[in-house]
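Step one of this worksheet: look at the structure below.
Quick note: the coordinates plus some simple rules give every number you see, no bench work behind them. Predicted, not measured: the structure shown is a model, and the values here were computed from it. Glycine gets a Cβ as well: all are built from the backbone with ideal geometry, and neighbour counts include every protein chain shown.
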Amino acid sequence: MNAPKFEWLARSGYSARGVVFLLVAGLAAFSSFGGGKADTKSALDALLDQPFGRVWLGLIGVGLLCFVAWRLAQSIANTDNHDKSAKGYLIRAALLGSAATYAGLAIYAFEDAFGIGAGASDGEKYLASWAMSQPFGRYLAAAIGCGFLVGGVVTAAKGVTRKFENYLELGNSRPLILICVYGLVSRGLVFVVIGLFFFHAAAEVNADQAGSMSDALMFIRQLPFGRLLYLIVALGLAAFGTYNLVEARYRSVATPSLTDVKSELPLLHR
């Protein structure tokens, strides 16, 4: 695979995700005054009202597909060289799940761009509803909640421990490092709250109790000192968007080869 082209693909993907989360943060700020939802799909919907909105949505959709390709390279080809241990495989499984999530968001962006979407749907409630309809559904919903919870803790820990610097060439740029830490911790906190919603949905056997990013922000706002906490987390999501733009510029990107893929997927040798 051509290295410069693949690097461009990965950096375009991080840029698209960064733009989406900056839009989410903007919606969160405005929703604190006028209501409305602050999540990724609503952020894409908001672009439709802007000049050349459909064009921007199409470009973001392309960028998100680039991000999906990069996530697949990280998970399947192990471009980040994670250890072949339980921890390493869990990280790669999470990256594969991320690829699926952003593939869905890319499709939604294209549907909006071409005017063929069926309207915004609450992905988390749909996921909870699907889980509940399966055998042992409440336990499956709880397992999904556990995934969000663990993902949130890991994301926040990645910021606090500054492990993201293993893949970023930031030098001694303290402001950028602080923005990255702030963004990752805020994103992790939102994941934790969504995970708790899934646990509640499992306990009540009610998919409507599951919640999205917007619901997580509203929950935070209802806590003591909620307005302040809401503002801190909303700004944190903007920081997470900026973190993605930093990754687009400074992340080290390894180009996978067919040999890498075959070595990670033994079944291809048969």
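What to note about this one:
- For the chain, modelled as a GNM whose springs connect Cα atoms under 10 angstrom apart, the maximal fluctuation among Ala99, Ala29, Ala86 occurs at Ala86.
- The stretch 45-123: trypsin sites (Lys or Arg not before Pro) falling in loop per DSSP and having at most 14 other Cβ within 10 Å: Lys84
- Diffusion coefficient, µm² s⁻¹, Stokes-Einstein with Kirkwood Rh over alpha-carbon pairs of the stretch 3-254 at 25 °C and 0.890 mPa s: 132
- Residues Met218, Met213, sorted so that the one with the fewest Cβ neighbours within 10 Å comes first: Met218, Met213
- Check: the chain dipole with +1 on Lys, Arg Cβ and -1 on Asp, Glu Cβ, in debye: 560
- With the convex hull drawn over the C-alpha atoms of the stretch 134-205, the volume per residue is 73 Å³.
- Choice from Thr155, Thr79, Thr40 showing the highest fluctuation, given a GNM over the chain with Cα pairs closer than 10 Å: Thr79
- Per-bin percent of Cα-Cα distances, the stretch 178-234 [5 Å]: 4, 21, 24, 22, 16, 8, 3, 1, 0
- Kirkwood estimate for the stretch 128-270, i.e. one over the average of 1/r between Cα atoms, Å: 17.2
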